[in-house]
Amino acid sequence: MTEAVRQYEPVIGIEIHVQLATRTKMFCGCELSFGEEPNTRTCPVCLAHPGVLPVTNAEAVHFGLMIGLALGCEIAPSSIFHRKNYFYPDSPKAYQISQYDIPLCTGGRLGDVRIHRVHLEEDAAKLVHAGSSGRIHGAESSVVDFNRCGTPLVEIVTEPDLRSAAEAAEFGRLLQATLRRMGVSDVNMEEGSLRVDANVSIRPAGQASFGTKTELKNMNSFRFLERGIEAEVARQEQLLAEGGTIQQETLHFDPEAGSLTSLRSKEEAHDYRYFPEPDLVPMAPTEEMLVRARAALPELPAARAERLERELELPADTAKLLSFRSELGDFYETALAADSDHPRRLANWTINELTAAVGDGDPADTKLEPPVLARLVAMVADKQVSASAAREVLAVLIAKGGDPAQVIEAQGLGRAGEEELGDIVDRAIADNPDAVEKIRAGKQQAIGALVGAVMRETKGRADGGEVQQMIRAKLGE
Amino acid sequence: MSDLLGLTAATQAELIASGEVSGAEVFEFWRGRAAEDDLGAYLWVEEETPADPGRLPPVAVKDLFCVEGVPSSAGSRILEGYLPVYTATSVRNLQEAGAAVLGKTNQDEFAMGSSNENSGFGPVQNPWDRGRVPGGSSGGSAAAVAAGTAPWAIGTDTGGSIRQPASLCGIVGLKPTYGAVSRYGMIAFASSLDQCGPLTRDVTDAALMLRALEGRDPCDSTSLGLPEAVTLPSAERLDGLRFGAWGLAEEGLDPGVAEVCRRTLDRIEELGGGVQEIELPSAGHGISAYYVVAPAEASANLARYDGVRYGYRSPHYDDLLGMYENTRAEGFGEEVKRRIMIGTYALSSGYYEAYYGTAQKVRSKIAQDFAAAFEQVDFVVTPTSPTVAFELGERTADPLAMYLSDYFTVPMPLAGIPAVSIPCGLSEGLPVGFQIAGPAFSESRILDAAYALERTIGFEGVPVP
Ligand SMILES: [Zn+2]
C-alpha cells in the first residue's frame with residue numbers, strides 16, 4: 001500500500017440482526033424452529049392465510065427492552081410497527097412487520113461505539129433453490145421452508161463510529177458476548193441467529209463529512225467481517241486514488257475468493273412503501289415492564305471485565321477473555337469462591353490450560369468441578385506438584401473427575417523428593433560427561449542437556465529451576 | 001312451518017326455547033329457503049343439518065368470513081375453492097351462541113364495491129326489483145335477508161358495506177364501533193376500517209346478534225369488545241334525546257330520498273325527540289380520504305395473493321415475476337386492480353405525505369367533527385344512501401358515481417363510530433334507509449332509538465307479488 005493511499009480514514013457503522021430466543025414467534029403462537037422438518041412450525045398466521053392477524057409476542061418485547069436498557073438506550077414511551085412492502089416468496093404476507101420511524105429504543109452506547117437505534121421485527125422464511133445456480137434466477141425450482149418465518153428479530157444499528165475493520169470485529173464480539181450473557185439470543189453467526197452488515201465509507205483524514213457508503217451484507221463470522229471490510233476499504237481507496245467515484249451499492253463478500261460482488265445498486269433500490277401497521281396497537285411499555293426488564297439484566301461483559309481488572313488486578317486481556325466468554329468467567333469465579341488465594345494464577349489456568357482442553361466448549365460440561373481446579377492451582381502454587389505434572393492431572397480431572405491429590409498419588413505425579421532428585425541428578429551427570437565438560441569450560445547453555453535428562457527421568461515431576469540449581473551445586477559451580 | 005318466514009330471528013329463538021319448534025326444524029326450513037335462492041345471493045349453502053343446530057336460527061355469512069372447511073373466497077376468483085383451516089372469531093361467537101352457518105353470501109370482490117357488481121361470481125339482484133342492485137359490498141347478505149332466504153346475516157362494513165345494502169334492500173344494518181367485534185378471520189380489505197356487523201329484519205334482531213358477536217379477542221390486538229353487555233331495545237319514546245341532522249341539503253341527494261328522511265325527522269319529534277341541523281365541516285371530504293386510506297391498506301392486505309401458497313396460480317409464467325404478475329392480473333377483477341394501483345401510488349416514496357399523510361389528517365378532522373357534534377346532540381342522523389337502489393349496470397362504467405353511493409356512510413368508519421341503518425319508507429316503490437350514528441360504544445343507545453322509530457314507521461318488508 002502506498003503512502004498516497006494511506007491518507008484515507010475508514011468510517012464504519014454496523015447493523016446487527018439478532019434472532020431472539022423466545023419460546024414462540026414474533027406475531028403468532030408457533031414455537032421457534034431448531035432444524036425441524038421443513039414447514040412443521042407453521043400456522044395460518046405465519047403462512048399469511050386470508051383473514052389472519054398478528055399479535056405481538058410479549059417475551060420479544062421484554063427481550064427488546066432488556067437489550068435497550070443494556071445498551072443505555074432511551075425507551076420510546078410508545079413505539080409502533082410499520083409494514084415494509086415487497087414481493088418475494090420468503091415473505092408470505094408480501095410485507096415484513098418492522099419498526100420504522102418510531103423504534104422501541106434510540107440512542108445508547110456499547111464501549112466506545114454509539115448505538116443509533118434498536119428495533120423489533122420478524123424474520124423471513126428460508127428459500128432453497130434447486131439447480132446449479134443456487135439462486136432464484138436460473139433455479140430449476142425453489143422451495144420455501146416457513147419454519148423460520150416470523151422468528152423475532154432485533155435489529156441493532158450503530159452510529160458510524162468505527163474507524164477500522166479490526167475495531168468493527170472487536171465491537172461485534174463485545175455485542176455478541178453481551179447478548180449471549182443476557183440470554184436473549186443464541187448469537188450463533190454460522191446458524192444465522194446473529195447476522196452482521198457493515199456500512200463502509202472512507203474520507204480524507206481530517207475531513208468531517210462522510211464519503212459515499214456501501215453496504216456489506218451478511219458476513220457469517222467476525223473474521224470474515226474484518227476481512228470483508230478490509231477488502232472494501234482497499235477497493236474504495238484504490239478507486240479514489242484512480243480518480244473514480246464510489247457508487248452507493250450493496251456488496252457481498254466472498255471469503256474464499258476474497259472478492260466483493262455487487263448485489264444491487266441504488267437505482268434498483270426498492271420502494272418499500274412503509275406505512276403504520278393497522279393490525280397492531282402501539283407498544284407502550286409500562287413501568288412494570290421496564291422494572292422487570294431491568295431486573296432481568298445480568299452483569300454484562302464490559303462491566304465484568306472492568307470489575308475483574310479492578311478487584312482482582314487481572315491483566316486487561318485476561319479480564320476481557322473471562323468476560324467475553326462468560327462460561328469461562330463463571331467457572332473462574334466459582335473456583336475463586338472456593339479458594340481466593342491465587343486469582344491471577346487461577347485466571348491463567350482458566351484461560352490457558354482449561355481452554356486448551358475444552359476448546360470453545362463450556363468447562364462446566366466436563367467432569368471437572370470449579371473448586372477442584374482451584375485446589376490443583378493451589379497445589380502448583382505451593383510446589384506440591386510441578387506445572388507440567390499438573391497439566392496431566394488436569395486432563396484426568398476433566399475426563400474423569402475426582403480429587404487432584406488422589407490423581408497425583410495414583411499416577412505417581414507427585415513432586416520428586418530431594419533424595420530421589422539427587423540420585424537422578426547424579427545419574428545425569430555421570431551419563432553426560434560431554435555436557436559436564438562444556439559447562440566446566442564455561443558454556444553455560446550446555447546445562448540444558450542435563451536438565452532435560454532429569455526432566456525426562458522424573459516425567460515432569462520436578463521443577464526445572466530447582467533441578468538447575470541442584471546440578472550447579474553438585475558441579476561445584 | 002312456513003310461518004317461520006314471517007318471523008324475526010328473536011321470535012324464532014323464543015319458539016325454539018319454548019320447544020314449539022326444534023332447532024333442527026328451523027335450520028331445515030332455512031336451508032330449504034336458501035337452496036331456492038335465485039337472486040345470486042348465495043355462493044354456498046350448507047347441505048347437512050348440523051347435529052346440534054343450536055338455540056338460534058342459522059345465519060348467512062358473507063363470503064369473506066373464514067369458516068373451516070367451507071369455501072371462503074371473499075367474492076374473488078383468486079381465492080376460488082380456498083378452504084380455510086380455521087373459523088373467524090365472529091362466526092365462532094355466533095356458533096357458540098347457537099347460530100349455525102347457513103351459507104356463504106355473495107359480495108363485491110374483497111368488499112370493494114357498492115353494488116355487488118364487482119363480485120367474481122356474478123351480480124346479485126335486489127328482491128324489490130330484480131333489475132336493480134342490492135347495494136354492496138354485503139349485497140348477498142342484504143338480499144338474502146330481504147328476500148327471506150336467510151333469517152339474518154352478517155356482513156362487513158368498511159365505508160358503508162353493511163348500511164348501504166341494508167338501506168337499498170329495506171332491512172336493518174349495523175356497523176359497530178371499530179374494535180367491538182373481532183376482525184380475526186375476516187378476509188381483510190382495509191384493516192383500520194373493517195368491522196363486522198349484523199344485517200337483520202329488525203332492530204331487536206340486530207341487538208340480539210351484536211350481543212353474540214362482540215367481545216375482545218386475543219387474536220385481534222385492535223379488538224376491545226363493548227364495555228357493557230348489549231341490552232335488547234325497548235324504548236317507545238325519544239323524549240329528551242337530541243338528533244343532529246346532517247346532509248339533507250347535500251347536492252346529489254335524491255329528492256325522493258330527502259323527502260322520506262324529512263318525514264322520519266318529523267316522527268322523531270312526534271316521539272319527543274329534538275331535531276336540529278348540524279355541521280360536520282370535514283365529513284364532505286370523507287370520500288376523498290377514504291379512497292386513499294382504504295386502497296393503501298388494501299394494496300398491502302391483498303399482496304399475499306401471489307399464487308405461492310394457496311388460491312389461484314396462473315398457468316402462464318416463465319419465472320417468479322411472471323407468475324406474480326399473471327396470477328394477479330388474471331385472478332383479480334378490475335375494481336380490485338384499480339384500488340391496488342391507487343393504494344400503491346398513494347404509499348409511494350415522494351407521494352406518501354401528500355396522499356396518505358393528508359388523508360390521515362382529514363380522518364382525524366372528521367373524528368373531531370363528530371366529537372364536537374356529540375357535545376350538542378346524542379345522535380347524528382343522515383340518509384344512508386343518496387339514492388334508492390339503482391339499476392344493474394347503471395354505474396359500472398363510472399367509478400366516481402359509484403363511490404358517491406357511500407357519501408353518507410364513509411365518515412363514520414373513518415371516525416371509528418357506530419351507526420345503524422333502518423328502513424324508513426319508500427321512494428318510487430323502493431326502500432329508503434335512515435342512518436343513526438352515535439359516539440363510540442353507544443350501540444345500545446343507538447339501537448334503542450332505532451327501535452322506537454322502527455315501531456312508529458311500521459315498515460313492511462319485500463312486497464309479496
Ligand atoms: Zn405461526
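The values are calculated or read from the model by the stated rules, or taken from the named source; none is laboratory data. Everything numeric here is computed off the predicted structure, so don't read it as measured data. Positions of Cβ are backbone-derived with ideal geometry, glycine not excepted, and every protein chain shown enters the neighbour counts. The area values use the complete protein model at the heavy-atom level, side chains included, leaving out ligands, DNA and RNA. Shrake-Rupley method; radii C 1.70, N 1.55, O 1.52, S 1.80 Å.
Just a few scattered comments:
- Amide H contacts under 5 Å for B:Gly274: B:Gly240, B:Leu241, B:Arg242, B:Phe243, restricted to partners 5 or more places along the chain or on a different chain, H placed in the peptide plane at 1.01 Å from N.
- Segment B:238-287: C-alpha gyration tensor shape, a/c 1.5 cut-off, then a/b vs b/c: oblate
- Formal net charge of residues neighbouring B:Phe434 (Cβ-Cβ distance under 11 Å; K, R +1; D, E -1): +3
- For the peptides B:27-34, A:291-298, residues were scored by their other Cβ atoms within 10 Å and the scores averaged per peptide; the highest-first order is B:27-34, A:291-298.
- As a ratio to 2.2 N^0.38 Å, the alpha-carbon radius of gyration computed for segment B:283-363 takes the value 1.27.
- In this structure the amide hydrogen of B:Ala180, modeled in the peptide plane, comes within under 5 Å of the amide hydrogens of B:Leu224, B:Gly225, none closer than 5 places in sequence on its chain.
- Ranked from largest, the principal axis spans of the Cα set of segment A:301-410 equal 43, 28, 21 Å.
- The alpha carbon centroids of segment A:64-120 and segment B:409-451 are separated by 42 Å.
- If R0 equals 56 Å, the separation of the Cβ atoms of B:Ala401 and A:Ala337 corresponds to a calculated FRET efficiency of about 0.10.
- Karplus-based coupling profile of segment B:238-253, in residue order and whole Hz: 10, 4, x, 8, 10, 10, x, 8, 10, x, 6, 9, 5, 5, x, 7, with θ = phi - 60° in 6.51 cos²θ - 1.76 cosθ + 1.60 and x standing for Gly or Pro.
- Taken residue by residue and averaged, Cβ atoms of other chains lying within 10 Å of the Cβ of B:344-351 number 3.
- For A:Phe275, residues with placed amide H under 5 Å, excluding near neighbours: A:Arg83
- With q set to 0.11, 0.16 Å⁻¹, the log10 of I(q)/I(0) for segment A:197-333, from the Debye formula over equal scatterers at the Cα positions, is -0.78, -0.97.
- Among B:Cys66, B:Pro463, A:Pro255 - extreme Cα towards positive end, dipole of the protein assembly as shown, charges at beta-carbon: A:Pro255
- Sequence ranges A:185-197, A:408-420, ranked by mean other-Cβ count within 10 angstrom, highest first: A:185-197, A:408-420
- Computed over the Cα atoms of segment B:369-450, pair by distinct pair, the Kirkwood hydrodynamic radius stands at 13.9 angstrom.
- Seen through its C-alpha gyration tensor, with square-root eigenvalues sorted a ≥ b ≥ c, segment A:418-474 comes out prolate because a/c lies at 1.5 or above while a/b is bigger than b/c.
- Segment A:Gln445-A:Arg310, extension gain: residue separation times 0.36 nm, minus the distance between their alpha carbons: 44.5 nm
- 3J(HN,Hα) along segment B:279-291, derived from phi through the Karplus expression 6.51 cos²θ - 1.76 cosθ + 1.60 where θ = phi - 60°, amounts to 9, 10, x, 9, 4, x, 8, x, 4, 4, 5, 4, 7 Hz, with x in place of Gly and Pro.
- Here the 3J(HN,Hα) profile of segment B:76-84, calculated from phi with Karplus coefficients 6.51, -1.76 and 1.60 at θ = phi - 60°, is 10, 5, 5, 10, 4, x, 5, 10, x Hz, Gly and Pro shown as x.
- Here the simple spin-label model places points 7 Å from the Cα toward Cβ, and for A:Leu263 and A:Glu419 these points are separated by 7.5 nm.
- Segment A:411-477 and segment A:231-253 have Cα centres separated by 63 Å.
- Per residue of B:290-301, other chain Cβ atoms within 10 Å of the residue Cβ number 3 on average.
- Length added when fully stretched, B:Glu428-B:Arg130, from 0.36 nm per residue minus Cα-Cα: 105.8 nm
- Dimensions of chain B from C-alpha coordinates, computed as largest minus smallest value along each principal axis and given longest first, are 69, 54, 44 Å.
- For the protein assembly as shown, fraction of C-alpha pairs farther apart than 51 Å, in %: 39
- Over chain B, relative contact order from alpha-carbon pairs under 8 Å, at least 6 apart, %: 18
- Protection-proxy order for peptides B:260-270, B:6-16, B:440-450, each taking the mean of Cβ atoms within 10 Å per residue, highest first: B:440-450, B:6-16, B:260-270
- Here the gap between A:Gln468 and A:Ala364, fully extended at 0.36 nm per residue and compared with their Cα-Cα distance, gives a gain of 33.6 nm.
- Accessible area buried at the B-A interface, both sides summed, 1.4 Å probe (Å², nearest 100): 2700
- Translational diffusion coefficient of segment A:3-293 (Stokes-Einstein, Kirkwood radius from Cα pairs, 10 °C, 1.306 mPa s): 79 µm²/s.
- Distance from segment B:136-193 to segment A:338-374 (C-alpha centre basis), Å: 71
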